[in-house]
Every structure is written in C-alpha cells, then in structure tokens.
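Step one of this worksheet: look at the structure below.
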Amino acid sequence: MRAALAEAARAAEVGDVPVGAVVLDAAGDVLGRGHNRREADGDPTAHAEVLALRAAAVRRGAWRLDGCTLVVTLEPCTMCAGAAVLSRVDRVVLGAWDDKAGAVGSLWDVVRDRRLNHRAEVVAGVLAADCTAVLDAFFRERRTAEG
C-alpha cells in the first residue's frame, strides 16, 4: 500500500484526485503502477487502477493477471472493479472506502458478484487512515482554493 500511496502523491502533484495503484505478482514484485491521470491526459478512463493493470499486462505480456494482486488507495469504481474482474486478478487490496462510487463492497460488489465468471478476494482497510488523509487534504485544499 505504501507504493500505491506514493503513486497517489504523484497524481496530486499534477492536480488529479490522489488515487494510486500497483499490481503485484505472486512473489510480491510490482508489475505495474498507476495514478489518476484524468485531468493530465483528458481521459475519463485514466484511473489509477486501469493504468496499473495495463502496465502489468504489458510487463507480463498477457492480459490475464491471474496470481496477481491489485492494491489501490481508494475503493475502485464500477469501471475499475470491472477491469479487475476482466483481468482475472486474484485479489483486490484497498485502503479507503468510497461510499459515493465504490464497487467493491460500498455501493456495489462487482468483484465478488456470483453472476460473473471471475471473483476476486477483497482485503479492505489497509492503511485506511493514511489513504483517507491524503484524499481529505486534497479536497480541503481544493475547497480553500475555490473559496
């Protein structure tokens, strides 16, 4: 999660919501990294999780990421939860819950939906206070600047 938090800081530096993600292989080695780049790239799909999954697939040379873990600072949205399912990751580890858009247990539970062909284990609340603090500081600063 510390590596994902470092990615989140990179997003904040360029004005994006500070969400970071990493994909780990079964040995715990980082295969892919990503941080939100929606504002930087003008791309609504440039979420941290999607970018990390893409990078991991390139590094692995295959789109199937079985045996891998997606670690992300904020609960994935429906798009990112769907990408986790489609990439066949074994596990999703998240820091902060997202009560407004979360799709790994808050509003929806896409990654464990029995109707889908793949389900991932979920480990939630890892360094949750740290992940939440990064987001809270970002939005507090934004509200102050908009003032």
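The values are calculated or read from the model by the stated rules, or taken from the named source; none is laboratory data. Here the structure is a predicted model, which means the values were calculated and not measured. A quick note on method: Cβ atoms are made from the backbone with ideal geometry, for glycine too, and the neighbour counts reach across all protein chains shown. The accessibility values were calculated without ligands, DNA or RNA, using every heavy atom of the protein model including side chains. Shrake-Rupley method; radii C 1.70, N 1.55, O 1.52, S 1.80 Å.
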Hey, ALA145 within 23 Å of VAL30 (Cβ to Cβ), open to solvent by 20 Å² or more (accessible area, probe 1.4 Å) and either in a helix (DSSP H, G or I) or among the acidic types (Asp, Glu) (or both) or not:
no
Among (1) closer than 23 Å to ARG10 by Cα; (2) touching a strand residue (DSSP E or B) at 6+ places or on another chain (Cβ under 7 Å), the one test that ALA101 misses:
(2)
Please state which one of ALA62, ALA145 is modelled with pLDDT under 95 and over 16 Å from the mean Cα position of the chain (by Cα).
ALA145
Wholly inside the range 1-111, strands (runs of 3 or more DSSP E) that include 2 or more residues that are open to solvent by 10 Å² or more (accessible area, probe 1.4 Å) and over 15 Å from ALA124 (Cβ atoms) are 30-35
Restricting attention to the range 117-142, which residues are modelled with pLDDT of 95 or more, open to solvent by 70 Å² or more (accessible area, probe 1.4 Å) and under 25 Å from LEU31 (Cβ atoms)?
ARG119, GLU121
Which listed residue is touching a helix residue (DSSP H, G or I) at 6+ places or on another chain (Cβ under 6 Å) and either under 18 Å from VAL23 (Cβ atoms) or of a type in the set (Val, Ile, Thr) (or both), from VAL93, VAL111
VAL111
